[in-house]
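Undergrad: Before anything else, here's the structure in question.
Please treat every number below as a calculation from the coordinates, not as lab data. This is a predicted model, so every value here is computed, not measured. A quick note on method: Cβ atoms are made from the backbone with ideal geometry, for glycine too, and the neighbour counts reach across all protein chains shown.
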Amino acid sequence: MIENPQHSSPLFEVRELSCEREGHVLFRKLGFSLDRGEILQVRGSNGAGKTSLLRIVCGLDGSHQGELRWQGVPLASCIDDFHSELLYIGHRLGVNQALTPLENLRWSCRLHDRVGDGEIRDALAELGLASHENLPCRSLSAGQQQRVSLARLLLRDAPLWALDEPFASLDAAGIALLEKLLLRHSRSGGAAMVTTHHVLGIPCLRVLTLGLPQ
Amino acid sequence: MSRVSAAAAFCATLKRDLLISIKRRNEVLNPFMFFLIVVSLFPLGISPEGAMLRQIAAGVIWIAVLLASMLSMDSLYRSDYEDGSLEQLLLSSQPLYLLVFAKNIAHWLVSGLPVIVVSPLLAYMLSLPAAGYPALVLSLLLGVPVVGMVGSIAVALTVGLGSRGLILAVIAVPMSVPVLIFGTLAVQNSLAGASPVGYLALLGAMLAAAASLAPVATAAALRIALHG
């Protein structure tokens, strides 16, 4: 992914975004932009609206006011293009319990990209799941299931990552691995939004804190 | 890595859903067993006499099919909603109605088709005269997918609700009533010596309408349910 000089506008931009939940204001007139190579950490106390913000950014939540722009174009008019460039991992992982990691990834990757079984096996091996690829996901631990969903980071060719609490059930090795993946993504020109309380060991990290008095 | 075509995403979704059904055989078998039990209780509860049974045979089979479909549909999008797969489906750049259609077809293959295959056997048990068999099987072949696709809209609308209880049946059954009426009328007509073609044509028209419109409505309903 090489920076395209034609796009002077940022990769993703949020202007005057407000969201209310049942009469309670989560955030008001929020604005930020995300450019290629940038990683944005979204912080805030529980209930501050981190997950809501991420779902709004992904176009999964319509209950908001404000403007969202993908490469300068309003999101509503380029939603399909945007979705083909977006990789979202929510706190619901998108991992079916009855299927094996291999079968799960086959489906979730082939919704977007042409991915071969060999590539999926390599990605699972990189995430330390080589010996688990044929077990049903229900027999895996929470951390291992998280790793199954994170394997998509290696398999999808998406410039924007939106990760909701991706560190939640990972062990120390998993955390180091994910930080490495984020760094690699940002160096190759990708952008990421990550909600987490974890202190990220990533240089040039941008932080957005929700729920501060404005 | 290159982007997939809509057809490849369609096939991937169809394969995945069939695979899940194979791995969760019990969930698939339950509605089927329910169908067998309900139909086989009628001769025991009403009368084993052929003259009585052959009058109600078509209606009994159609009602049992309808109820079994309701039962099987309950789990249609629930596990996908709970494990987050539905979000991934919505975030696909492929048309959502096409992927929904793939899920509908997979659901029909594992829950609709087996019921249709055994229906002649149960019709035999209910002493349905031989003249009624073609109309019964054809009406089920045309009607069951309509019930499935129309029900899929109702499931999609209620997928975000925690405990939906009978809401699904309250929404989906009234929409399936025309199918039930035309299905049984087709069989009754052929028993009376008249042609069932008119009713079968109506069912065929309903199938064409459902196949082209219901996935679009289901896709919209899923977006509404998740935007909640």
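Undergrad: Among B:Y199, B:Y133, what is the fewest-to-most ranking by other Cβ atoms within 10 Å? Mind dumping the intermediate values first?
TA: Numbers: B:Y199 25, B:Y133 16.
Result, fewest neighbours first: B:Y133, B:Y199.
Undergrad: B:A7 to A:T209: FRET efficiency via 1/(1 + (r/R0)^6), r the Cβ-Cβ distance, R0 51 Å, to the nearest 0.05? Walk me through the numbers before you get to the answer.
TA: On the way: r = 45 Å, r/R0 = 0.88.
Plugging the Cβ-Cβ distance into 1/(1 + (r/R0)^6) gives 0.70.
Undergrad: Roughly how big is segment B:6-227's charge dipole about its Cα centre, with Cβ charges of +1 (Lys, Arg) and -1 (Asp, Glu), in debye to the nearest 20? Intermediate values should be presented prior to the final figure.
TA: Details: 10 positive and 8 negative charges, 36 e Å.
In total the dipole reaches around 180 debye.
Undergrad: Sticking with this structure for a sec: In degrees between 0 and 90, to the nearest 10, how far off the longest principal axis of chain B does helix B:96-107 point, with axes built from Cα atoms?
TA: 40 degrees
Undergrad: Taking the convex hull of the alpha carbon atoms in segment B:169-210, what volume per residue do you get, in Å³?
TA: Details: hull volume 2.1 nm³, N = 42.
Expressed per residue, the convex hull around the Cα atoms of segment B:169-210 is 51 Å³.
Undergrad: Would you please report the Å³ per residue occupied by the convex hull of the alpha carbon atoms in chain B? If you can, show how the numbers build up before the last one.
TA: Details: hull volume 27.2 nm³, N = 228.
Spread over its residues, the Cα hull of chain B gives 119 Å³ apiece.
Undergrad: If you line up the long axis of helix B:167-191 against the longest principal axis of chain B, both from Cα atoms, how many degrees apart are they, to the nearest 10?
TA: 40 degrees
Undergrad: Then there is this: With a Förster radius of 25 Å, plug the Cβ-Cβ distance of A:N46 and A:C78 into 1/(1 + (r/R0)^6) and report the FRET value to the nearest 0.05. Each step should come with its number before you reach the end.
TA: Working: r = 33 Å, r/R0 = 1.33.
With R0 = 25 Å, the Cβ-Cβ based efficiency is 0.15.
Undergrad: Also, I was wondering about something else. What does the charge dipole of segment B:1-110 about its Cα centre add up to, to the nearest 20 debye, if the Cβ of each Lys and Arg holds +1 and the Cβ of each Asp and Glu holds -1?
TA: On the way: 9 positive and 8 negative charges, 67 e Å.
Charge dipole, segment B:1-110, about its Cα centre: 320 debye, nearest 20.
Undergrad: If you average 1/r over every pair of different alpha-carbon atoms in segment B:26-97 and take one over that average, what Kirkwood value in Å do you get? If you can, show how the numbers build up before the last one.
TA: Working: mean 1/r = 0.0676 Å⁻¹.
Across segment B:26-97, the inverse of the average 1/r is 14.8 Å.
Undergrad: Cut-off 10 angstrom, C-alpha nodes, Gaussian network model of chain B. Which of B:I56, B:I105, B:I153 fluctuates the most?
TA: Of the options given, B:I56 has the highest mean-square fluctuation.
Undergrad: In cubic angstrom, how much convex hull volume per residue do the alpha carbon atoms of chain A span?
TA: Numbers: hull volume 27.8 nm³, N = 214.
Spread over its residues, the Cα hull of chain A gives 130 Å³ apiece.
Undergrad: What size of dipole, in debye to the nearest 20, comes out for segment A:1-70 about its Cα centre when the only charges are +1 on Lys and Arg C-beta atoms and -1 on Asp and Glu C-beta atoms? Provide the component values of the computation, followed by the final result.
TA: Details: 9 positive and 9 negative charges, 38 e Å.
Charge dipole of segment A:1-70: 180 debye, to the nearest 20.
Undergrad: Antiparallel as a % of all DSSP beta bridges within the protein assembly as shown, to the nearest 5? Each step should come with its number before you reach the end.
TA: Numbers: 15 of 32 bridges.
About 45 percent, rounded to the nearest 5.
Undergrad: Let me ask something additional. Say we join alpha carbon atoms closer than 10 Å with springs in a Gaussian network model of chain A; which of A:V148, A:V73, A:V199 then has the biggest fluctuation?
TA: Top of the fluctuation ranking is A:V199.
Undergrad: Also: On a 0 to 90° scale, report how tilted helix B:50-73 is relative to the longest principal axis of chain B, with both axes built from alpha carbons and the result rounded to the nearest 10.
TA: 10 degrees
Undergrad: May I ask you to derive the FRET efficiency for A:A125 and B:R25 from their Cβ-Cβ distance with R0 = 25 Å, giving the value to the nearest 0.05?
TA: It comes to 0.20.
Undergrad: Given the rule -39500 (n - 2.57) for each run of at least 4 DSSP H residues, summed and divided by the residues of the protein assembly as shown, what is its mean residue ellipticity at 222 nm, to the nearest 500 deg cm²/dmol?
TA: Values: 17 runs with 246 residues, N = 442.
Taking each H run of at least 4 residues, the total per residue is -18000 deg cm²/dmol.
Undergrad: Follow-up. Using modelled backbone amide H atoms (1.01 Å from N, in-plane), which distant-in-sequence or interchain residues come within less than 5 Å of A:F27's amide H?
TA: So A:F27 has HN proximity to A:C19.
Undergrad: Looking at A:L163, A:H132, A:L205, which one has the Cα that reaches farthest to the positive end of the dipole of segment A:127-214 (charges on Cβ: Lys, Arg +1; Asp, Glu -1)?
TA: It is A:L205, whose Cα lies furthest towards the positive end.
Undergrad: Consider a paramagnetic label point 7 Å from the Cα of A:S188 along Cα→Cβ; state which residues of segment A:121-139 have an amide N under 13 Å from it.
TA: A:123
Undergrad: Let me ask something else about it. Within straight cross-link reach of B:K15, meaning Cα distance under 26 Å, which lysines are found once same-chain residues fewer than 8 apart are removed?
TA: Counting by Cα, and skipping residues close in sequence, B:K15 has these lysines nearby: B:K23, B:K103.
Undergrad: If you take the alpha carbon radius of gyration of segment A:88-214 and divide it by 2.2 N^0.38 Å, what ratio comes out, to two decimals? Walk me through the numbers before you get to the answer.
TA: Values: Rg = 14.8 Å, N = 127, 2.2 N^0.38 = 13.9 Å.
Segment A:88-214 yields a ratio of 1.07.
Undergrad: I want to verify a result. In a Gaussian network model of chain A, Cα cutoff 10 Å, which of these has the top mean-square fluctuation: A:P203, A:P166, A:P101?
TA: Taking springs between Cα atoms under 10 Å, the residue moving most is A:P203.
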